[in-house]
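The structure under discussion appears below in the form of structure tokens.
The values are calculated or read from the model by the stated rules, or taken from the named source; none is laboratory data. It should be emphasised that the depicted structure is a prediction, and the values quoted were computed from it without experimental measurement. Note that each Cβ is placed from the backbone with ideal geometry, even for glycine, and that neighbours are counted across all protein chains shown.
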Amino acid sequence: MVLDNLEHLSDAAPVVTELLRSGPGLRLLATSRAPVHCRGEHLYLVVPLAVPGPAAEPAEPSPAVTLFADRAVASDPAFELAPRNVSVLAEICRRLDGLPLAIELAASRIRVLPPESLLARLDRRLDLLTGSAGDRPARQQTLRATIDWSYQLLDDATRQVFRALAVFRGGWSMPAAAAVCGQADEVMLLGEMGALVDASLVEPAGAVAGQQRFWMLESLREFTLEQLADRGEEDRVRDRHADYMCGLAAGAAPHLTGPQQASHLDRLEADRDNIGSALRWLTATGQTVRALRTASLLWRFWHLRAHLGEGRALLEPLLAAPAPQLDAAAHADGLNALGSVAYWQLDYKSARQRFEEALVICTRASLANGIAQSHYNLGFTAIFLAGDNAAAREYFRQALAEYDKLDDHLGASNALAGLALVDRATGDYERGRQRAEQSLTQQRLLGDEFAAANTLGLLGSIISRTGAVAQAETLLREALTLHERAGNISGILWMLHELAATAAARGQPEKAVMLSSAARSLEGELGGGIGVEVLQLTQLAHTAWEQLHPAQAHRAWNSGQDMNRQQAINAALADA
């Protein structure tokens, strides 16, 4: 027996149970947007149609694109699926979450809207996706009506939770949902969340850093945002959302370079879209100082997880606000954060400008920690922008003295590593080794794995220049492993270049070219790079290239270009 469309029958379970009891040989096939919840029920989930990923170039049309093309031809016989439009159709289907009804309704518009125009209008999909098929029930005539059918089947408390969840972008955890829904205890939300999962309006998305996450389709989110705004609830809910995301950033910031950095980075990564949305909301509602303070805490996350362009796009408008709105500390922290993002994008000129502005503000306001931080940052731009080792040494010396006065041991150890970097640049390898070892010891005692990994790499780089290649490789591989564990792409790139240089020194030119090529290829993933020209690593790779027959060199280079990040790391850690 087939029982079609049961979700609106709240008392279906007793009837189904009685049917099964009365007919021992009976089997029921029931369709519903929610489980019936009776004994013997087996769930078969009907998921949306498959669509290619955002970066994929489809070798053949996906099921979603095939459905679109089929319905488009029914609407306009002149339409044809061709290489020139398959990528646009794939993006339309992605934006429509692979939902068959949405795809059919979109395809019915093809007579008046070519695919490019249709795609450009999907930000108003609920208004766009309407149909006139007389054989469909009223609830399937428009996408909005279809979603509203499920929405109206919820009780008031579950509808309220569903509306609040619409402010999340990219999913949410239960603690975040409790905060946004105004619940003191996430356990109180379990009933409503379970009802939404049962109704297929919310989907579990797996655990991140020990927290179960959930998400909803974008079509559902657009509908619930409308409902949220119509009831005058949006401002209050978005304020709660921003409160939670600011707290998440503040709680994670002290741990982004420590032993728990990976889990905190993972949590920020999971809520990256939410954080960006919260910062934009704070900016739009005039809460610029609060937004800037939060964004300044996040620059290291944007660096380590290769979201530099995104971080810069969020920071720059905040710093463009009228100066009287910004207190000195927030202004200086924002400038140092933006300068650091620009630095890792290899935009050294902008970085130096921001660091100098921060130094002026901190000096006027007598902000000792900000002065030390600005001097430390300017030391790097002196080396990489101007090649001015004397100025860099003076900046690092000033920072070291200022951090010592503040009793900031980590700051002092970082400034000491900066001096070791200058020693390497000037060829004073013995003094550089001593300073790097002293810095590394202090950083390990303090538990700062990020600083330790960088100084470990610097130490290996210095030692490799003394000719102790085997010792250097041991240190560089250890640093690479630490950078890999944290997901620090810039650190990984640096170590790949350094290990390419040691491979060249070991008489392994093919490996040197391959690793150098892999590092260059992965720089696009970072959105920046490292100052390899200044570190003289590029020249070493070029020397290795010249030691090979042209065919060998090209083969090694192409091999590196084809590697993903993990393959490049594995190759760098291998002996042969």
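Here are a few things to note about the model shown:
- Selection over segment 1-40 of residues that are in contact (Cβ under 8 Å) with a residue 40 or more places away in the chain and either among the hydrophobic types (A, V, I, L, M, F, W, C) or assigned by TED's automatic domain parsing to the domain that holds L196 (or both) gives a count of 1.
- When G232 is tested against (1) touching a helix residue (DSSP H, G or I) at 6+ places or on another chain (Cβ under 9 Å); (2) assigned to a loop (DSSP other than H, G, I, E, B); (3) surrounded by fewer than 20 Cβ atoms within 10 Å (Cβ to Cβ), exactly one condition is not met: (1).
- Among the residues of segment 18-64, those that are among the acidic types (D, E) and modelled with pLDDT of 85 or more comprise E18, E41.
- Looking only at residues of segment 249-263 that are free of Cβ contacts under 8 Å to residues at least 60 places away in the same chain and part of a helix (DSSP H, G or I), we find that the one that is nearest to A164 (Cα to Cα) is A249.
- Residues in segment 387-415 that are farther than 21 Å from Y348 by Cβ and free of Cβ contacts under 8 Å to residues at least 24 places away in the same chain were compared, and the one that is surrounded by the most Cβ atoms within 10 Å (Cβ to Cβ) is L400.
- When segment 110-131 is filtered for residues that are in contact (Cβ under 8 Å) with a residue 24 or more places away in the chain and not β-branched (V, I, T), the ones remaining, listed by number, are R111, P115, E116, L118, L119, L122, R125, L126, L129, G131.
- Filtering R424, R433 for residues that are modelled with pLDDT under 95 and buried (at least 18 other Cβ atoms within 10 Å of the Cβ) leaves a single hit, R424.
- Some residue of segment 393-411 being over 17 Å from T455 (Cβ atoms), part of a helix (DSSP H, G or I) and of a type in the set (A, V, I, L, M): yes
- Apart from one condition, E80 fits all of (1) among the acidic types (D, E); (2) without any contact (Cβ under 8 Å) to a residue 12 or more places away in the chain; (3) within 17 Å of F223 (Cβ to Cβ); the exception is (3).
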